[in-house]
Structures are given as C-alpha cells and as structure tokens.
Amino acid sequence: MIGTLSYYLAEHPAIINFRWSHSQSWGSTWSFLFSSINLYLTLSVLLHLFLLLLRRRKPVPLGPLPALHSLSMSLLSAAIFLGLALSTAAEIREARWLWGRLKTTPFQWLLCFPMGTRPSGRVFFWSYVFYLSRFLHMLRTCFTILRRRRLVFFQLFNNAILTFMTYLWLEYSQSFQVLAIFLTTAIYSVIYGYRFWTEIGLPGACFPFASDCRMVLLGCNLLCHVGVLAMHLLKGCNGIGAWGLNSVLNVAILAMFLDFYVKTRVRQPSRLRSESDTRSSNSPTASSASSSSSVSATMDEADSHKDKDS
C-alpha cells in the first residue's frame, strides 16, 4: 500500500520527468495568468452587481456545493502535502552526493535553491499542482457573494495575488517555495476540513478558527522569509528577484489581514463591552435584548469575514 502510494505520488514517470514549459504545461503563459485573474475579478464584480440589481436580500441557496467544495479542497491540500513530502524525501535521498559539493544541507535547500536551479522534477510538479489548485480556491468567492451578498476586497486581492505569486515560483524557480507549499497545504487542509465540518451542520469552535489558522500561517511565512534573506546574503539563492516581489506582496497581505484581525478580535469585543455597560446602566430591563442583538450582529459580521481566507 505504502509502495503504491509512493509510486503514484513521487515515482511516477509523469512526476519525475515534469518540466515547466510554456509550450507543454497548461496555464503556464503570462497571457493565461493575467487573463484568468482579470476574468476572476470581472465575474466577481458582475455577480455582485447583478445581485444588487435584483435587490435580493436573502442568501442564494447553494445546497451541498459549499460543503463539497470544502471537502475537495481539504483532500486536495492533503494530497499535495503528502506528494510533496514524498517527492522532497526522494530528491534529498538521490542528491545526497551533491550536498558536499554545494556546501549546503537539506534544510538549507528547502529555504534556498542553488543558483541555476531549473523548474523540473518532482518538487516542481507539485508546485505546478499547487498553482492550478489556486483557481479552485477562487470558487469560494462566488459562494461568499451568493451567500453573504457582499464583495470582500481582501478575498479578491488575496486570491489574485497568491495565484500570481505561485506562478512566479515556477517561472523563476524561486527559493522557499517548498516550505511555503508545506505550510500552506497543511493549514488549508485543516481550514477546509473545519469548514466542511461546520457546513454539514456540526458544531464549530467558539473562536474564529480559520482566522487564527491564517495568522499562524502568516507568522511562519514571515520567519521563513527571514531565513531566506539570511541564506541569500551568505551564499546566494536562485530566483531572488521573484522572492523580493513575493515578500512585498506578502507584507501587503499581512498588513490587510492584521487590520481585519484587530478589528474583529480586539476593537469589536471592546466596543460591545462598553455598549453593554452603558445600556445596562441606563436601562437594566432592555440591556439583555440589546446586548444579544449586538453580539448576534457581530457574529454575523465575523462569519462574513471567515471567507477571507484564500
């Protein structure tokens, strides 16, 4: 069983012989990248405007589609994580003789590809699969618009930028992408598994689970970026130009997410407590009902922000 799994996830000829090429890899051209992102943004805005014109206040019933999407994304993220883990182990095992010549270690290789690395082989195959999976993530935006009746700018920006960054990983053989995929797929498999759990009617956590997981992911990415910079200053890393652009975009995403996180976890609870204290002092009888409605409104708003995770 383990041997069969290892063959299909790391030793299959299609994986070993993979090569990122504009002529052979689907979705590998710059024109495809920008056209698909523009189409995603345009359709999202048009769908939002269409619902506004209809003046529909109730959520559009989607049936089991959101739950099935969450389940498929959780399983896909877990498969990418496992496939990349087996492929990385195979690459390290086969290149053991090369570590001494390159004066590096397997962990340093995970952070920093040697200069001249080409986008081919097992690791880049799973990087390509991860890039294609970004387009499936975009479906979440449609569910958000149809169910929440709102267009979340952070979600649009996050999905578009992450798709662009994963393209750069392949196009320029960027360093750090292996660890980035490990961290992202591990967190996404948990987040989407939790979403599937709640969407089929099972009880959820008493705190914003998806947002906290996202915060852990961003923190780990930040630490890894510091490690890549240190390695580049010491010995030079492949694709450092793309990594620099990647870092700037990550900082933008981190800043936007921290703003959202502070608003929903710090400012709103403080505002609710102050409003509750004021109302209780003025009208003890009505304080319970008004406080309940405020908490319910805040929970609805927080739920609407849960879909911000790309």
**Asked** So which of Ala14, Ala67 ends up being open to solvent by 40 Å² or more (accessible area, probe 1.4 Å) and of a type in the set (Gly, Ala, Ser)?
**Response** Ala14
**Message:** Within region 103-113, take every residue that is aromatic (Phe, Trp, Tyr) and in a helix (DSSP H, G or I) and give me the one that is modelled with the highest pLDDT.
**Reply:** Trp109
**Asked** Tally time: how many residues in region 1-57 are touching a Gly at 6+ places or on another chain (Cβ under 8 Å) and more than 20 Å from Arg118 (Cα to Cα)?
**Response** 3
**Prompt:** Any residue in region 114-135 that is β-branched (Val, Ile, Thr), assigned to a helix (DSSP H, G or I), in contact with a helix residue (DSSP H, G or I) (Cβ under 7 Å, 6 or more places away or on another chain) and farther than 14 Å from Val178 by Cα?
**Reply:** no
**Message:** Quick test for you: out of His69, His48, pick the one residue that is within 21 Å of the chain's Cα centre (by Cα), within 27 Å of Arg148 (Cα to Cα) and not aliphatic (A, V, I, L, M).
**Reply:** His69
**Prompt:** In this structure, is Gly83 of a type in the set (Gly, Ala, Ser) and free of Cβ contacts under 8 Å to residues at least 24 places away in the same chain?
**Reply:** no
**Asked** Quick check: is even one residue across region 197-207 farther than 24 Å from Arg140 by Cα and charged (D, E, K, R)?
**Response** no
**Message:** If I ask for residues that are open to solvent by less than 60 Å² (accessible area, probe 1.4 Å), touching a residue at least 24 places away in the same chain (Cβ under 8 Å) and more than 24 Å from the chain's Cα centre (by Cα), which ones from region 19-45 would you list?
**Reply:** none
**Hits in region 79-98 - residues which are farther than 15 Å from Leu110 by Cβ and within 21 Å of the chain's Cα centre (by Cα)** = Ala79, Ile80, Leu82, Gly83
**Prompt:** Is it true that His137 is within 13 Å of the chain's Cα centre (by Cα) and open to solvent by less than 20 Å² (accessible area, probe 1.4 Å)?
**Reply:** yes
**Item:** Subset of region 142-174 [assigned to a helix (DSSP H, G or I), more than 13 Å from the chain's Cα centre (by Cα) and hydroxyl-bearing (Ser, Thr, Tyr)]
**Value:** Thr144, Tyr167
**Asked** Does any residue in region 213-232 that is of a type in the set (D, E, K, R) come within less than 6 Å, Cβ to Cβ, of a residue that is outside any helix (DSSP H, G or I) and modelled with pLDDT under 80 six or more places away or on a different chain, and which pairs are these?
**Response** Arg214/Asp309
**Request:** Return the only residue of Leu86, Leu151, Leu132 being surrounded by fewer than 18 Cβ atoms within 10 Å (Cβ to Cβ) and at pLDDT 90 or above.
**Result:** Leu132
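The values are calculated or read from the model by the stated rules, or taken from the named source; none is laboratory data. Everything quoted here is computed from the prediction, not taken from an experiment. Positions of Cβ are generated from backbone atoms using ideal geometry, with glycine treated the same way; all protein chains shown enter the neighbour counts. For accessibility, only protein heavy atoms count, side chains too; no ligands or nucleic acids. Shrake-Rupley method; radii C 1.70, N 1.55, O 1.52, S 1.80 Å.
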